[in-house]
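Notes follow the structure.
Every number in this text was worked out from the coordinates using simple rules, so none of it is lab data. For clarity, every value in this text was computed on a predicted model and none was experimentally measured. Glycine also receives a Cβ, built like all others from the backbone with ideal geometry; neighbour counts cover every protein chain displayed.
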Amino acid sequence: MGDDAGRRDERPSHRVWLSAFRLALLPVTNREYAAFLQATGHEPPRFWLDARFNAQDQPVVGVSWFDAVDYCAWLSDVTGRRWRLPTEAEREKAARGGLATTYPWGDDAGEAGGRFPQEAPRAAGASSPNGYGLHDMAYNVHEWCSDWYDPGYYRRSPQRDPQGPASGTRRASRGGAWRHQIKVSRSASRSSLDSAFRYNDYGFRVATDADP
């Protein structure tokens, strides 16, 4: 986990052991989020009526960390299985797709070096899958993680199942977003945002513990 050649908050690179888990192949879409809104009466996302962001197959955006957690709680009730946001460590392992490379697909940034114009998120799943069959792990929208963010956390994080610091002011997120000039994000790249903010390049995907 991490990258000694990356930014300061990605250092030091360190070995992490994770319990088995499952991660959704795609970020949560507007179609899926609409079912949650209809069932619960939850406040719609900030950009719900904006035609640039409300196609059914686009990842839902404009959701706060709290909104994402509420969705996970609802999905858990509906399915009888506990769904949650992934930890940073889980999200990085999933992004790597079993490879020790810079990006989920290799060491080359790919499409135009990661530079291409984009006015809104692409449909979820438009990218090729990585080695674990997961789509959109490097760009499209930032995805909320469960952890508090701390730029110095790697210097003291536990080796087994790190959950992030006990407190903080911002929540961790992973994956590059459509608004960036350079769209792709390295698998080790870290980002963060205030838990209550609702940005049009922030979404999420759900995780669950593996079957026993």
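Report for the chain the percent antiparallel among DSSP-assigned beta bridges with both residues inside it, nearest 5. Please list the in-between numbers first.
Values: 13 of 16 bridges.
Percentage antiparallel, nearest 5: 80.
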Listed residues PRO162, VAL69, LEU26: farthest to the positive end of the dipole of the chain (Cβ charges): PRO162
Phi-based couplings in Hz for segment 15-28 (Karplus 6.51, -1.76, 1.60; Gly and Pro marked x): 7, 10, 9, 10, 5, 4, 8, 10, 10, 4, 5, 10, x, 4
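Contour minus end-to-end for ALA123 and GLN181, with contour as 0.36 nm per residue of separation and end-to-end as the Cα-Cα distance?
On the way: separation 58, 0.36 × 58 = 20.88 nm, distance 1.88 nm.
Value of the extension gain: 19.0 nm.
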For segment 166-212 and segment 76-90, distance of Cα centres in Å: 15 Å
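For segment 18-97, which trypsin sites (Lys or Arg not before Pro) are in a loop by DSSP, counting at most 13 other Cβ atoms within 10 Å?
Working: sites: ARG22, ARG31, ARG46, ARG52, ARG81, ARG82, ARG84, ARG91, LYS93, ARG96; in loops: ARG46, ARG52, ARG81, ARG82.
Of the trypsin sites (Lys or Arg not before Pro), the ones in loops of segment 18-97 whose Cβ has at most 13 other Cβ atoms within 10 Å are ARG52, ARG81, ARG82.
Suppose a student asked you for the relative contact order of segment 156-209, using Cα pairs under 8 Å spaced at least 6 residues apart; what percent would you report?
Details: 38 pairs, mean separation 17.4, N = 54.
Dividing the mean separation by the residue count of segment 156-209 yields 32 percent.
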Positive-end residue of THR102, PRO45, ASN140, charge dipole of the chain with Cβ unit charges: THR102
Estimated [θ] at 222 nm from DSSP helical runs (n ≥ 4, -39500 (n - 2.57)) normalised by residues in the chain, nearest 500: -5000 deg cm²/dmol
Loop-located trypsin sites (Lys or Arg not before Pro) in segment 147-212 whose Cβ has at most 13 other Cβ within 10 Å (DSSP): ARG156
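Can you tell me the relative contact order of segment 62-212? Whole percent, Cα pairs under 8 Å, sequence separation 6 or more.
34 percent
Need one number for the chain: average projected area of the convex hull over its C-alpha atoms, nm². Display every interim value, and only then the final one.
Numbers: hull surface 45.1 nm².
Taking the Cα atoms of the chain, their convex hull projects to 11.3 nm² on average.
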